[in-house]
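The values are calculated or read from the model by the stated rules, or taken from the named source; none is laboratory data. Because the structure is a prediction, the values reported are computed rather than measured. FYI the Cβ positions are ideal-geometry reconstructions off the backbone, even for glycines, and counts take in every protein chain you see. Areas reflect the complete protein model, heavy atoms only, side chains present, ligands, DNA and RNA absent. Shrake-Rupley method; radii C 1.70, N 1.55, O 1.52, S 1.80 Å.
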Amino acid sequence: MRDRRLLIGLGVIVALVALFLVFRPGDDNEEGTDTTTTAVTAPTLEPTPTETETATTAAPPERTQLVVTIRDGEPAGGIVRVTVHKRDLVLIKVRSDGVADEVHVHGYDRMADVAPGKPVEMLLRANLTGRFEIELEGRGKQIAQLTVLP
């Protein structure tokens, strides 16, 4: 009985606060400036996400790995092809068994030296859409292709 009266009292307080917020006197600015509306709800046993929280909570962008191993100046297994979406993170890893050269990501103009025992790791955000060649610059040899979709 006591718990029921507490819940009714709490409900009345919440309703009064909500009415005050809706009908309170305020600045009637006719220029259409931004206003903020606050909604007051009765407490629930388990927290639930609001519509705003649900709409704005997004998963972090995917991190895709593009891994190339160079053997005798050629990409082992052929040209590595990876497709990602715009704004995804891409980690490019290149290892070489006996060739020293510069790895160049065309379009993004990212470059790094690779050599035996000195692998390359380049992290980039895929902000440009299109198809981008990754090559051993000195040899002019394509080793990978990065395709970025909108």
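Would you confirm whether any residue within the stretch 22-42 is β-branched (Val, Ile, Thr), modelled with pLDDT of 55 or more and over 30 Å from ILE134 (Cα atoms)? So far as the stretch 22-42 goes, yes, one or more of its residues are β-branched (Val, Ile, Thr), modelled with pLDDT of 55 or more and over 30 Å from ILE134 (Cα atoms). Restricting attention to the stretch 108-136, the residues that are surrounded by 15 or more Cβ atoms within 10 Å (Cβ to Cβ) and part of a loop (DSSP other than H, G, I, E, B) add up to 3.
Taking the stretch 94-107 as the range and being part of a strand (DSSP E or B) and under 17 Å from ASP72 (Cα atoms) as the test, the residues that pass are VAL94, ARG95, SER96, ASP101, GLU102, VAL103.
If you go through the stretch 64-94 and keep only what is surrounded by 14 or more Cβ atoms within 10 Å (Cβ to Cβ), farther than 22 Å from GLY130 by Cβ and of a type in the set (Asp, Glu), you end up with just GLU74.
Only residues that are within 23 Å of the chain's Cα centre (by Cα) and open to solvent by 60 Å² or more (accessible area, probe 1.4 Å): list them for the stretch 137-150, please.
Residues of the stretch 137-150 within 23 Å of the chain's Cα centre (by Cα): 145-150.
LEU149, PRO150, listed by residue number.
Pairs are defined by a Cβ separation below 6 Å, a sequence spacing of at least 6 or placement on different chains, a first member in the stretch 78-97 that is of a type in the set (A, V, I, L, M, F, W, C), and a second member that is in a loop (DSSP other than H, G, I, E, B) and open to solvent by less than 80 Å² (accessible area, probe 1.4 Å); the pairs so defined are VAL84/ALA126; LEU89/PRO61; VAL90/ALA126.
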